[in-house]
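Quick note: the coordinates plus some simple rules give every number you see, no bench work behind them. Please read these numbers as outputs of a predicted model, since none were measured by experiment. Positions of Cβ are generated from backbone atoms using ideal geometry, with glycine treated the same way; all protein chains shown enter the neighbour counts.
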Amino acid sequence: MKGIRKLLAPVLVVGILLTTLVTLHHIKSDKKKDVFRIGISQFITHQSLDATRKGFEEELANQGYIDGENIQITLQNAQGEQRNLKTISQQLAASSDVVFAIATPSAQSLATTTKTTPVIFSAVTDPVGAKLVASMEQPGGNVTGTSDQSSDAIATQIDLIKKVLPRAKTIGILYTQSEPNSVVQKDEAKRLLEEKGFAVVEKTILDSNNVKAAADSRDVRSRYGLCSNG
């Protein structure tokens, strides 16, 4: 499938999707009316992920693809629970012409579930590290999408910490060990923080339910600054 761009841009995702739909149109050309079935697998309700989904749907509409008219969109949300992903992936892969995966866990689940249904992902930081694609230039297989990896965003956060907490010398980083995106961002944040002379303390969490306890722990509370990677 098409190569991966390091951008979180609905227009790019929809561009990939439209290429897929053109191919599917030829496959389904014997039908009088094509209503393409687009599944959306969203890992959790979150402002940035919601914006990704809405941007995707809006760009589809801008290109003339209207839900309930010439496309049928089915949205499923795992509510942040890994155990929900397998069932969601199986259902969407079986009932959709193409599936849009939002966030790494959703994309990984779909990639292991189907080798035939096209899967397009977004909000994925490290597609290669997450074993979704063979490379950024040549994804291969039925999975492709866009990467949101950016050192600039992390650098901006660090600059903000320096302005808000000018006396800070040690920064605590909360991250989810089982989430590849979180690990990638943690490693990049640690590298940039150490380049600027900060000491770094890492703290792992299992899920969102553990954030408060981790932030309140003695070794983190004793620090001046705190970064959190989802």
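Tabulated data for the structure shown
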| read-out | value |
| --- | --- |
| Label point distance in nm, ASP34-ASP152, each placed 7 Å from Cα along Cα→Cβ | 3.6 nm |
| Cα extents of segment 36-147 along the three principal axes, largest first (Å) | 37, 30, 28 |
